[in-house]
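Data first, discussion second: the structure below is written as structure tokens.
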There are 2 protein chains.
Amino acid sequence: MTDKKRTKITVNIYKKNYTIVGSESKERVEEIAKLVDEKMNDIYQGNKNLDTTRLAVLTAINTMNDYLKLKDEYDELITLIEEEDKN
Amino acid sequence: MTDKKRTKITVNIYKKNYTIVGSESKERVEEIAKLVDEKMNDIYQGNKNLDTTRLAVLTAINTMNDYLKLKDEYDELITLIEEEDKN
């Protein structure tokens, strides 16, 4: 069996270590961890009563919102390209 | 003072309620909540020893990874369009 190259990287997010196993590069995993950590800290600044679980769920919600917004823009771009190809 | 219309919606994610305040529609907030809840459940199925905080952080990491992948694709598309415009 030949495996796709898998990396195992430990990152620190909001004072806890997470070991991430996947096919992403070390740089990408570190970038992701930094962005998630920053978002958690930002949300904490907005509401210091939130526990870590709620903070992490709100971070996931926030990121999912960014994802869906970008997906809308991406889909619009694809539609525009398809329209142009027709003309 | 005129405010952009702000919605206040309560959603349930992983057996906890979250009140989301923002400019998104009710449908969009519910879609986001459903996707985050599904991702948390998927990750839990892969490792039943994870506590809720770790599960939520891993969900945020996973979503951020999806976001960055889509961002790469989006940027590639923009570059392609710009190249085409030059020719």
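The values are calculated or read from the model by the stated rules, or taken from the named source; none is laboratory data. Keep in mind that what you see is a predicted model, and the values were worked out from it rather than measured. Counting neighbours? That spans all protein chains shown, and the Cβs are built from the backbone with ideal geometry, glycine included. The accessibility values were calculated without ligands, DNA or RNA, using every heavy atom of the protein model including side chains. Shrake-Rupley method; radii C 1.70, N 1.55, O 1.52, S 1.80 Å.
Within the stretch B:57-80, the presence of a residue that is at positive phi, among the aromatic types (Phe, Trp, Tyr) and within 11 Å of another protein chain (Cβ to nearest Cβ) is excluded. Pick from the stretch B:48-87 the residues that are in contact (Cβ under 8 Å) with a residue 24 or more places away in the chain and of a type outside the set (Gly, Ala, Ser): which of them is nearest to A:LYS34 (Cα to Cα)? By that ranking, first place goes to B:THR63. Selection within the stretch A:48-61: residues that are open to solvent by 60 Å² or more (accessible area, probe 1.4 Å) and touching a helix residue (DSSP H, G or I) at 6+ places or on another chain (Cβ under 9 Å). The member of this set that is nearest to B:ARG28 (Cα to Cα) is A:ARG54. Number of residues in the stretch A:5-40 that are part of a helix (DSSP H, G or I) and either loosely packed, with under 13 Cβ neighbours inside 10 Å or β-branched (Val, Ile, Thr) (or both) equals 6.
Scan (1) over 18 Å from B:ASP72 (Cα atoms); (2) within 19 Å of the chain's Cα centre (by Cα) for the single condition A:GLU84 breaks and write down its number. Status for A:GLU84: all satisfied but (2).
Considering (1) under 16 Å from B:THR53 (Cβ atoms); (2) touching a helix residue (DSSP H, G or I) at 6+ places or on another chain (Cβ under 7 Å); (3) surrounded by fewer than 18 Cβ atoms within 10 Å (Cβ to Cβ), say which one A:LYS71 fails and leave the rest. Only one criterion in (1) under 16 Å from B:THR53 (Cβ atoms); (2) touching a helix residue (DSSP H, G or I) at 6+ places or on another chain (Cβ under 7 Å); (3) surrounded by fewer than 18 Cβ atoms within 10 Å (Cβ to Cβ) is unmet by A:LYS71, namely (1).
Against the conditions (1) more than 7 Å from chain A (Cβ to nearest Cβ); (2) within 17 Å of the chain's Cα centre (by Cα); (3) hydrophobic (A, V, I, L, M, F, W, C), B:LEU50 satisfies every one except (2).
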